[in-house]
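The structure under discussion appears below in the form of structure tokens.
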Amino acid sequence: MKKIVGILPGLIACIGIMITSLYLADYLGRLLNQLQGLPPTSSSPISSIFVAIILGLLFRNIIGLGEALKNGVLFSVKIVLKVGIVLLGIRLSFYDVVTLGAWGIPIILTCVIVALTVTLWITSKLGQAHRLGTLTAVGTGICGVTAIVGTAPGIKANDEEVAYAIGNITIFGIIAMFAYPYLAYYIFQNDPVRVGYF
């Protein structure tokens, strides 16, 4: 019982940041869509995961992570985050993937393997730490910030490596978000299926 009480303050703080990030990402996304002239029903282009990371960084650097919160935050990172990533991964069943896009699976696997291999090769040529290379590689090849945050505890990456990997993935992700629609239109002659796979 004492252990549960010890993790509650930090766990509640993490849940608070999560809920705030969901609403903030939705609000900012609707605002961005409105500025671009998109209909109000358009999905938000702002990731709540990214907003949660920014809020967490602000919280830790402005308010600070007191002793009362440390156990709960550690529990959230080591247990709750991993459970969340597993639940995120099983939203689509294997059957759905096979029936809806079986021929896309080899394309996806090839892209992931190439992204992982090339990123690790570049980081080794630049003389960067292997852990930083691994974080950048999974962020590039798999699913961005979520993959970085999920991988970091497993490879014992330090805060600087995580922050640097997240910063890079976020900056290049923002550039890609604005550039890819035009690039896809140009390359695939506005074929929606091919653009979707791209």
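The values are calculated or read from the model by the stated rules, or taken from the named source; none is laboratory data. Bear in mind that the values here come from a model prediction, so they are computed numbers and not experimental data. Please note: Cβ atoms are built from the backbone with ideal geometry, for glycine as well, and neighbour counts cover all protein chains shown.
What tally of residues in region 178-198 results from selecting those that are in contact (Cβ under 8 Å) with a residue 60 or more places away in the chain and among the acidic types (Asp, Glu)? First the steps, then the outcome.
As a first pass, look at region 178-198 and keep what is in contact (Cβ under 8 Å) with a residue 60 or more places away in the chain: 197.
Going one step further and asking which of them are among the acidic types (Asp, Glu), we end up with none.
Total meeting the criteria: 0.
Table: residues versus (1) in the same structural domain as residue 163 (by TED's automatic domain parsing); (2) at pLDDT 80 or above; (3) part of a helix (DSSP H, G or I).
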position	(1), (2), (3)
4	no, no, yes
9	no, yes, yes
19	no, yes, yes
22	no, yes, yes
29	no, yes, yes
49	no, yes, yes
72	no, yes, yes
76	no, yes, yes
97	yes, no, yes
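Restricting to region 31-47, name every residue that is part of a helix (DSSP H, G or I) and either within 15 Å of residue 173 (Cβ to Cβ) or among the basic types (Lys, Arg) (or both). Outline the logic, then answer.
Keep residues of region 31-47 that are part of a helix (DSSP H, G or I), which gives 31-35.
Listed by number, the list holds a single entry, 32.
Name the helices (runs of 4 or more DSSP H) wholly inside region 102-192 in which the number of residues that are surrounded by 13 or more Cβ atoms within 10 Å (Cβ to Cβ) and small (Gly, Ala, Ser) is 3 or more. Break it down into steps so the answer makes sense when it comes.
On the way: elements: 104-125, 130-138, 145-155, 159-188.
Result: 145-155, 159-188.
Specify which of the listed residues (79, 49) is within 19 Å of residue 12 (Cα to Cα), touching a Ser or Thr at 6+ places or on another chain (Cβ under 6 Å) and surrounded by 11 or more Cβ atoms within 10 Å (Cβ to Cβ).
Numbers: 79 fails: touching a Ser or Thr at 6+ places or on another chain (Cβ under 6 Å).
Only one candidate qualifies: 49.
Name the residues in region 60-71 that are closer than 15 Å to residue 159 by Cα, surrounded by 13 or more Cβ atoms within 10 Å (Cβ to Cβ) and not basic (Lys, Arg), would you?
Matches in region 60-71: 65 only.
Being at pLDDT 85 or above, among the hydrophobic types (A, V, I, L, M, F, W, C) and over 27 Å from residue 52 (Cβ atoms) narrows it down to one of 113, 148, 155, 105, so name that one.
Sole residue among the options that is at pLDDT 85 or above, among the hydrophobic types (A, V, I, L, M, F, W, C) and over 27 Å from residue 52 (Cβ atoms): 113.
Can you name the residue in region 82-95 that is assigned to a helix (DSSP H, G or I) and exposed (fewer than 12 other Cβ atoms within 10 Å of the Cβ) and, of all such residues, is modelled with the highest pLDDT? Lay out the reasoning, then the answer.
Of all residues in region 82-95, those assigned to a helix (DSSP H, G or I) come to 82-89, 94-95.
The next check asks that each one be exposed (fewer than 12 other Cβ atoms within 10 Å of the Cβ); those that pass are 83, 86-87, 89, 94-95.
Values: 83: 78, 86: 69, 87: 71, 89: 63, 94: 62, 95: 64.
The qualifying residue modelled with the highest pLDDT is 83.
List pairs: first in region 55-69 and over 22 Å from residue 28 (Cα atoms), second surrounded by 16 or more Cβ atoms within 10 Å (Cβ to Cβ) and of a type outside the set (A, V, I, L, M, F, W, C), Cβ under 7 Å, 6+ apart or cross-chain?
68/9; 69/9; 69/10
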